[in-house]
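Taking it in order: structure first as structure tokens, then the write-up.
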Amino acid sequence: MSLINQMKMSVLAKSGNEAFVRSAVAAFCVQLNPTLEVINDIKTAVSEAVTNVIVHAYEEPEKNFVYIEAELFEDSLSIIIKDTGCGIKNLEEAMQPMFTSKPEKERSGMGFTFMQTFTDELEVSSETGAGTTVKMRKYIKKAEE
Amino acid sequence: MTVHREFWGGRLVIYICGELDESNIDIAREEFDKGIADNPNTVVLEMSELKFIDSTGIGMIISRYKRLKSMGVPMYVKGLKAQTEKVFRMSGLLSIIKIAH
């Protein structure tokens, strides 16, 4: 499947940037004319990945970056959300539905589950002290012309 | 995101509008908790103007739902739209929280 378009951006890991990032990624794939449901799924999954960076990756998130890359293919969008933060010690545990390292903050522990549910492929890699990379792919159902 | 509440005859209605995420969750949480402090006998979460929610919002709502349940106060959700309805459904909340029409 041939690559149509590519996008890279980085923003400070501030919670106020979440809406900007999810809207930017959604706007980027509009050229494929996706359904509203697909756009909403992408926004939800991106928001979860960016929230994780803001909440977990850095001691000083507002001074560090979240890196976003997107690649548009004829039938799908691939999204990478990356940080250079602390990494996840136990990835298997972190990806369990309802698991949260911050229950006192009323975290639902559903971030990775939502990324998985709202996209078609999810791959997470993490190295302690080096950072975490989340790769997602969403197949694009086209809206009726 | 804007949030406001109405209290009338023991019925608390929380209106959450716009997009709810990590950047504004504390504001929504605070307003919700002020409403609960008035000791309502019913709580309605009015979301017809809410365009976006993620797991941060779901965590905040589940926590209040549990607290209200332990107080014996029923909580209803009203006005779920495409994105918010799907997030509620996928998180399993739709099977525990009642929908008000």
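Miscellaneous remarks
- For the listed residue pairs A:Lys105/B:Lys69; A:Lys43/B:Lys81; A:Lys138/B:Lys86; A:Lys105/A:Lys138; A:Lys105/B:Lys81; A:Lys82/B:Lys51, the alpha carbons are over 21 angstrom apart in A:Lys105/A:Lys138; A:Lys105/B:Lys81; A:Lys82/B:Lys51.
- Whether the protein assembly as shown is rounded, prolate or oblate, judged on the alpha carbon gyration tensor where a/c under 1.5 counts as rounded: prolate
- Measuring r between the beta carbons of B:Ile27 and A:Leu91 and using R0 = 30 Å, the FRET efficiency lands at 0.40.
- 10 Å Cβ neighbours from other chains, averaged over peptide B:14-24: 4
- Full-stretch length increase - A:Glu121, A:Val11 - with 0.36 nm per residue and alpha-carbon distance subtracted: 37.2 nm
- For the stretch A:39-136, the set of GluC sites (Glu not before Pro) satisfying both a DSSP loop assignment and a count of at most 15 other C-beta atoms within 10 Å is given as A:Glu59, A:Glu74.
- Inter-chain neighbour count for A:102-111: the average number of beta-carbon atoms from partner chains within 10 Å of each residue's beta-carbon is 5.
- Working note: 222 nm ellipticity from helices only, DSSP H runs with n ≥ 4, each -39,500 (n - 2.57), summed and divided by the residues of chain B, gives -12000 deg cm²/dmol to the nearest 500.
- Distance between the stretch B:1-24 and the stretch A:92-134 - C-alpha centres, whole angstrom: 28
- Each peptide among A:30-36, B:87-93 gets the average number of other Cβ atoms lying within 10 Å of its residues, and from highest to lowest they stand as B:87-93, A:30-36.
- Relative contact order for chain A, counting Cα pairs under 8 Å that sit 6 or more residues apart, in percent: 29
Read-outs: derived from the displayed coordinates by stated rules, not from any lab. Since we're looking at a predicted model, the values are computed, not measured. Glycine also receives a Cβ, built like all others from the backbone with ideal geometry; neighbour counts cover every protein chain displayed.
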